[in-house]
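Enquirer: Submitted below is the structure of interest, expressed as C-alpha cells.
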Amino acid sequence: MKLIVIALLVALSGCSTNQYQSIDQSQIENHALAQLPNWYHDKLGLQLHGGNKYPQNGALKTLLQQADLEFIRGNFQACQILLERAQRISTREASVYVRLSYLFWLEGNIRGAEQMARRALALVVSDQITSEEVKRLLQAIQANQY
Amino acid sequence: MKNHSTSRFKTFVSWLLKLAIVGGVVLAILMAYLDAQIREKFEGKRWALPAKVFARPLELYPSLVIKPKYLVQELDQIGYQRVPNVQTPGQYSYNGQEMDIFRRYVKLYDGDETAARIHIRFNNEVIDGLWLDGKPTTLARLEPLLIGGIYPKHNEDRQLIQLSEAPELLLKTLVAVEDRDFHHHFGISFKGIARAMVMNVQSGRLVQGGSTLTQQLVKNFFLTRERTLIRKATEALMALLVELHYSKNDILETYLNEVYLGQSGRRAIHGFGLASQFYFGKHIGNLTAPEIATLVGMVKGPSVYNPKRKPENAIARRNVVLNVMHEQGLISDYQLAVWEKRQLDVVQYSQYQRVEYPAFLDLVKRQLRSDYADSDLTSEGLRIYTSLDPIIQRSAEQAMSKRLAQLESGYRMPQDSLQGAIVVASTESGEVEAVVGDRNPRFFGFNRALDANRSIGSLAKPAVYLTALRSPQYHYITPLDDSEIKIASTNGHVWQPENYSKKSHGTLPLYQAMARSLNQATARLGLQVGLENIVKTFNDLGVKQHIPAYPSIVLGAFEMNPFDVAQMYQTIAASGFHTPLKTIRGVTTAKGELLSRYGYEVKQAIKTEPIYLLQKIMQQVVREGTARYLNTQFNESLNLAGKTGTSDSQRDSWFAGFSGDKLAVVWLGRDDNESMPLTGASGALRVWAQTFKDLPLKPLYPLPTENIVEQWVDVEQNALSSEGCDGAQLLPFIKDQLPLMSVDCANQSSTEKPWWSRIFN
C-alpha cells in the first residue's frame, strides 16, 4: 500500500504546474492519499478535500502550505525542510509534528513517526478532539497500518 | 712541450665534455622532475578551498519580535551598505520605523533566494508589515552571515574567479606595475632584470625585483621565500616550463587567484576575488580604478600597504600605481588628479571581514567529523549551514565579558582570573544557537563549553527529584527530612553533606527542598529513591558518560562539561522529549548540491507528567528559590525555570535556565580550579540574565496531560484540602499520586480562627 502511495505521489508531482497554488480537486479525489482514513484529515493533517485549517500565523501557514504541496509531489525531503522551518517559527504547533510523523511513516521510519506523534500528542492534550485524532494516528503507526 | 700542452688541453676538454654530459643529464632529470611537479599542480586541483560556515538565515515575518538595531547590526555584519535610497542589491535604508533591504541573491542548502527588495514596517520591536518586491508577503529570508571557515594548516582563504570576471583595467594595471613584458617574455624577462638592476644601482638599495609574474607565481606555488641562487635558478627553470605548457591567460588567471593580499587574524587573504570582497565589500567586476590601484599596489607588500592597517602607506602606494596607470594611458590627467585625492573607501564591515566564533566552529567541526574527512573540510570548498544566531551569540559574548569584569571588581578578585562558558540552544529543535568557550570570545584555544569538565553541584538535583516524581511514592509536597545526615561508605569514609547555610530546616515539602536547593534533604531523598534509579534518570535525560552510583552524585559530585549539561537540560526543557543538540542544518558542495542534511530528531525519554511537575518546581526556583534574581530582571509572566549550581568549596558557579523557547547553561570558574567567592546565584545566574536581558523570550507553559490535576492541599499536613481552607494551596499532582490524607476544613476553620479574623485577614 505504501509503495503505491509513494508511486502515485511521485507521479502526481509531475502534474502540478503552479507552485504553491491550491491542489486540483479532481486530482485529489483520485489520489491515493484520499484513500487514507478520514480522521487523518479532520484537523491536524493535510486537508485533501479543501477547508484546510491552517494556523493563523501567516508565515506558519505559508510554510505548511508549501510543505503540503511538496508532500503531494512526493518531494519528502523538501517537505521536511519546510516543516522544520515552520517548527522554528512555532515550536509548539502540533500540526507540524503530525505532518512530520506522517512523513516519517511513509518513508518507513516507524520509530521516528511514533516519536513525532507522541510529540504532537503532548501538545494537544487540552483539545480533546484533536487529542483523540493524534492518538488514533499513534495507534495506527504502532499497528503499522492505515 | 707542445705535445704535452695539447694533451692537457684534450684532457681538459674531455673532462669538460663529460661534465657537460653529466650536467645535461642532471638538468634533464631536474627539468623532468620540475615539469611533473608543475603539471601535477596545474592540471590537478590547484587550491585547497576551505569549507565556508554560515549562520542561520534570518527569517522575517509579521509578528516577529526583533529590535531594529539588531537587524541593522546583522545587515552591517553581512556587508550591506546603509544608504538613503536603496538602489542595488546589498543596500538597505532605515528611517526609524521602516526598513528597505535590497537582498542579494542567496544560495542556501534548501534552495536559493532571488535578489529582491524587502520592505519592513516596525511597530516598536515587532514586525507588523512585510513586503517582497512591493507585494505583501508572510515570509522573507535574509542571507546568512559567513561565520568562519575550516582552513588547511596554512589558513589560506580565497574566492576563485575566472579571468573573464576580472576588469580589463585590473589586468592592464597589474601587468604595467608588476611585469610590463609579460605578454612578450617566455617566463624570464632579461629586460625586466636589467631595468631592476638599473633602478637598484641608482637608488643604492634593493627597490625593485626582476621577477616576472610567472616567476612570482612559481615562487608562491612551489618555492620558499628564501633568497638563494639555487632557489632563483629553480624559479627561473620552472617559469620557463610553465610558459612552455600554459597560455598567458591561464598563467594570469592562476596568478590572480594565488597572490597573497593580506591577513585577517589567522586567515590569509589570497587572490583578487577575495581581496576585493574583503577590502571593498564588492565583486571584483565592480571595482573602481582607485580600488584596483590599491589592490595592485598591495602585491608589492601586503602588510606594508594594507589599506585597513596602514592607510597612509596604502594611499601613497595607490598613487604610485595611479601614476603608472596614467603613464600607460589607462587613465586621464583629470582622473589622476581627482583619484589621487580620494580616500581609500575600504569597508568597515564586510561579509568577508568576518568575526569568527571559535567555540561554535569547534563544535561544528566535531559534529562534522563523523561524516567528513578533515581533508574534505579543508579543501573541497564545502558550504556548511548552521544554526548559529549571531544576535544571541553577540549578546552572550558581551554578557560574559561585562559580567566577569564586574564580578571580579565587585568581589575583589584578581583581574582576568575568572573564566566562563555559555551554551544556548532552542529547547524544542535542539539547535545550538550560541557557544562561548572563553571570556575572550575570539580566542582559538581551549574550548570550555566542550572541554571544561567540572563538578556540576546542584545542577544534578533535578535528576534526583525527577527520579522521585517518576515513582508512585512521591508527589509535589511529600515531606522531606532536612536534618543532618552521615553516610558511611564501605571503605570507612563518612560523607556528611551540609546545606549552604550550614543550618537544617526540619521537615519541608519536596518542592521547597528543591527550590531552596537543600543538600541534606536531597541527600536523604537520593538514598531513598535509589542511586541506580538516579543514574538511570541521568541517562534518560541524555547524559552519556558513566556516572558511578555513589551517594555524592545526588549533589553533583561528578564532572560534566557545559555542552553535556545543556543536553541534559534540553530534555527537561522540552517536556521530556530528548533531541540531540546539533549545530548543522545542511552541507552542500561548493556549487550548491546538497550533500547531507541534519534533520530534527526526537525521542520521548521521560513521561510528560513527572517532567511537568519538575518544570513547575524549577519555576518555583526562579519565583522564590535560589534563582529569584531573575524575577527582578524579567517579566514574571515569562514563567522562567532554572536551577543554580555551586560545587564544593565554590570552585564552580553554574546556572541552567529556560524559557518557552530558549535554554542556556552558564558555567563560571577558574582554570586553576581554585575556589571563588561566587555561588551559582551570584555568578553564572547574573551572566544568564545579562545574556537574555535584551532578547525576546517566549513564556514557558509546562505541558499538562489528562493525568495532571490541580489540587487544593494543606502543605504542612501533607493532606488534601479544599479551596478556602486555612493554608490551602492549589498545587499540581499526578492523578494517582496524591497525598493520602485529607484535612477536615470545616472543623479546622471554626476551631483555629475566629470569624472576624477570617474576614479581615
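Every read-out reported here was derived from the displayed coordinates using simple, explicitly stated rules and does not represent laboratory data. These figures come from a predicted structure and were not determined experimentally. We place every Cβ from the backbone using ideal geometry, glycine too, and count neighbours over all the protein chains shown.
Enquirer: If packing is taken as the mean number of other Cβ atoms within 10 Å per residue, what is the order of B:238-247, B:454-463, B:585-594, highest first? List each step's numbers first, then the result.
Expert: Working: B:238-247: 18.6, B:454-463: 26.5, B:585-594: 15.7.
Highest-to-lowest ranking by the protection proxy: B:454-463, B:238-247, B:585-594.
Enquirer: Which of the listed residues, B:424, B:630, A:121, is farthest toward the dipole's positive end in the protein assembly as shown, when Lys, Arg count +1 and Asp, Glu count -1 at the beta-carbon?
Expert: Of B:424, B:630, A:121, it is B:424.
Enquirer: Mind scanning B:52/B:591; B:503/B:536; A:53/B:698; A:61/B:69 and naming the pairs with a C-alpha gap bigger than 22 Å?
Expert: B:503/B:536; A:53/B:698; A:61/B:69
Enquirer: Can you tally the net charge around residue B:482? Count Lys and Arg as +1, Asp and Glu as -1, for every other residue whose Cβ sits under 15 Å from the Cβ of residue B:482.
Expert: Values: positive: B:461, B:486, B:502, B:503, B:516, B:524; negative: B:481, B:484, B:498, B:716.
Neighbour charge sum, excluding residue B:482 itself: +2.
Enquirer: Other chains near B:589-600: what is the mean number of their Cβ atoms within 10 Å of each residue's Cβ? The partial results should precede the final answer.
Expert: Working: counts 0, 0, 0, 0, 0, 2, 0, 0, 4, 0, 8, 11.
Taking all residues of B:589-600 together, the mean is 2.
Enquirer: What net charge is computed for the residues neighbouring residue B:719, neighbours being all others with C-beta under 13 Å from the C-beta of residue B:719, Lys and Arg scored +1, Asp and Glu -1? Present the calculation step by step, with values, prior to reporting the outcome.
Expert: Working: positive: none; negative: B:714, B:716, B:726, B:744.
Counting the neighbours of residue B:719, the net charge comes to -4.
Enquirer: Magnitude of the Cβ-charge dipole of chain B, K/R +1 and D/E -1, about the Cα centre, nearest 20 debye?
Expert: 3080 debye
Enquirer: Between residue B:327 and residue B:730, what is the label-point separation in nm under the 7 Å Cα-to-beta-carbon projection?
Expert: Inter-label distance under the simple model: 8.9 nm.
Enquirer: Please give the net charge around residue B:557, taking every other residue with its beta carbon less than 15 angstrom from that of residue B:557, where Lys and Arg add +1 and Asp and Glu add -1.
Expert: Local net charge: -1.
Enquirer: Amide H to amide H, which residues 5 or more places from residue B:480 or on other chains are under 5 Å from it, using H placed in the peptide plane?
Expert: B:508, B:510
Enquirer: Quickly work out the residue B:25-to-residue B:186 label distance, labels modelled 7 Å from Cα along the C-beta direction, and quote it in nm with one decimal.
Expert: Computed distance between label sites residue B:186 and residue B:25 equals 2.6 nm.
Enquirer: What is the order of B:317, B:394, fewest Cβ neighbours within 10 Å to most?
Expert: Working: B:317 22, B:394 18.
Least crowded to most crowded, the residues run B:394, B:317.
Enquirer: As an exercise, use a Förster radius of 25 Å and the Cβ-Cβ distance of residue B:98 and residue B:76 to find the FRET efficiency, rounded to the nearest 0.05.
Expert: Values: r = 18 Å, r/R0 = 0.71.
Using R0 = 25 Å, I get an efficiency of 0.90.
Enquirer: Then there's this: So between residue B:286 and residue B:536, what do we pick up on full extension, going 0.36 nm a residue minus the alpha carbon distance? All intermediate terms of the calculation are to be shown ahead of the outcome.
Expert: Details: separation 250, 0.36 × 250 = 90.00 nm, distance 6.18 nm.
Full extension of this stretch gives 83.8 nm more.
Enquirer: Moving on to the next point. Specify which residue in the list B:23, B:13, B:36 is farthest towards the positive end of the charge dipole of the range B:2-44, using unit charges on the beta carbon of Lys, Arg (+1) and Asp, Glu (-1), about the Cα centre.
Expert: Projecting each Cα onto the dipole axis, the largest value belongs to B:13.
Enquirer: Please identify the trypsin sites (Lys or Arg not before Pro) of the range A:47-146 that satisfy two criteria: DSSP loop assignment and at most 16 other Cβ atoms within 10 Å. Which are they? Numbers along the way, then the final one.
Expert: Values: sites: A:53, A:61, A:73, A:85, A:88, A:92, A:99, A:111, A:118, A:119, A:135, A:136; in loops: A:53, A:92.
Filter output for the range A:47-146: A:53.
Enquirer: For a label point 7 Å from the Cα of residue B:601 along Cα→C-beta, name the residues of the range A:102-117 whose backbone N is under 12 Å from it.
Expert: Correct set: A:112.
Enquirer: Moving to a separate point now. Give, in nm to one decimal, the length gained when the segment between residue B:43 and residue B:549 is fully stretched (0.36 nm per residue of separation minus the Cα-Cα distance).
Expert: On the way: separation 506, 0.36 × 506 = 182.16 nm, distance 6.11 nm.
Stretched fully, the residue B:43-residue B:549 segment lengthens by 176.1 nm.
Enquirer: For the protein assembly as shown, what is the mean residue ellipticity at 222 nm derived from helices alone (per DSSP H run of n ≥ 4: -39500 (n - 2.57); sum divided by total residues; nearest 500 deg cm²/dmol)?
Expert: -13500 deg cm²/dmol, from helical runs alone.
Enquirer: Kindly put B:326, B:578 in sequence by how many other C-beta atoms sit within 10 Å of each C-beta, fewest to most. Kindly include the intermediate steps, with their values, before the conclusion.
Expert: On the way: B:326 17, B:578 22.
Result, fewest neighbours first: B:326, B:578.
Enquirer: Loop only per DSSP, at most 15 neighbouring Cβ atoms within 10 Å: give me the chymotrypsin sites (Phe, Trp or Tyr not before Pro) in the range B:136-192, ordered by residue number.
Expert: Working: sites: B:182, B:186, B:190; in loops: B:182, B:186.
Listed in order of number, the matching sites are B:186.
Enquirer: Loop only by DSSP, 15 or fewer other Cβ within 10 Å of the Cβ. Give me the GluC sites (Glu not before Pro) in the range B:89-186 that pass, ordered by residue number. Spell out each step's value before the answer.
Expert: Working: sites: B:98, B:113, B:125, B:156, B:165, B:168, B:178; in loops: B:125.
Listed in order of number, the matching sites are B:125.
Enquirer: Another question, then. Give the Kirkwood hydrodynamic radius (Å, one decimal) of chain B, defined as one over the mean of 1/r across all pairs of different Cα atoms. Intermediate results must be reported in sequence, preceding the final value.
Expert: On the way: mean 1/r = 0.0324 Å⁻¹.
The answer is 30.9 Å.
Enquirer: Work out the FRET efficiency for residue B:706 and residue B:416 from their Cβ-Cβ distance, taking R0 = 56 Å, and round it to the nearest 0.05.
Expert: Numbers: r = 54 Å, r/R0 = 0.97.
Efficiency at R0 = 56 Å is approximately 0.55.
Enquirer: Identify the residues of the range B:660-690 with backbone N under 20 Å of a label point that sits 7 angstrom from the Cα of residue B:369 along the Cα-to-Cβ direction, or state none.
Expert: none
Enquirer: Before anything else, pin down the relative contact order of chain B: Cα pairs under 8 Å, at least 6 apart, normalised by residue count, whole percent. Kindly include the intermediate steps, with their values, before the conclusion.
Expert: Numbers: 1455 pairs, mean separation 82.7, N = 761.
Once normalised by length, the contact order is 11 percent.
Enquirer: Shifting gears a bit: Would you mind checking the range B:628-670 for residues with the amide N under 19 Å from a putative spin-label position 7 Å along Cα→C-beta of residue B:451?
Expert: Counting only backbone N, you get B:667-670.
Enquirer: Which entries of B:18/B:219; B:544/B:603; B:402/B:662 show an alpha-carbon separation above 26 angstrom in the structure shown?
Expert: B:18/B:219
Enquirer: Continuing with this model, one more query. State to the nearest 20 debye the size of the charge dipole of the protein assembly as shown about its Cα centre, where the only charges are +1 on K and R beta carbons and -1 on D and E beta carbons.
Expert: Values: 99 positive and 90 negative charges, 649 e Å.
Magnitude of the dipole: close to 3120 debye.
Enquirer: Also, quick follow-up: What does the highest-first list of B:114-124, B:562-572 look like by mean Cβ count within 10 Å?
Expert: B:562-572, B:114-124
Enquirer: Taking R0 as 56 Å, what FRET efficiency do you get between residue B:637 and residue B:493 from their Cβ-Cβ distance, rounded to the nearest 0.05? Spell out each step's value before the answer.
Expert: On the way: r = 48 Å, r/R0 = 0.86.
The value I calculate is 0.70.
Enquirer: Work out the charge dipole of the range B:77-224 with +1 on the Cβ of Lys and Arg and -1 on the Cβ of Asp and Glu about the Cα centre, then indicate which of B:140, B:199, B:109 is farthest towards its positive end.
Expert: B:199
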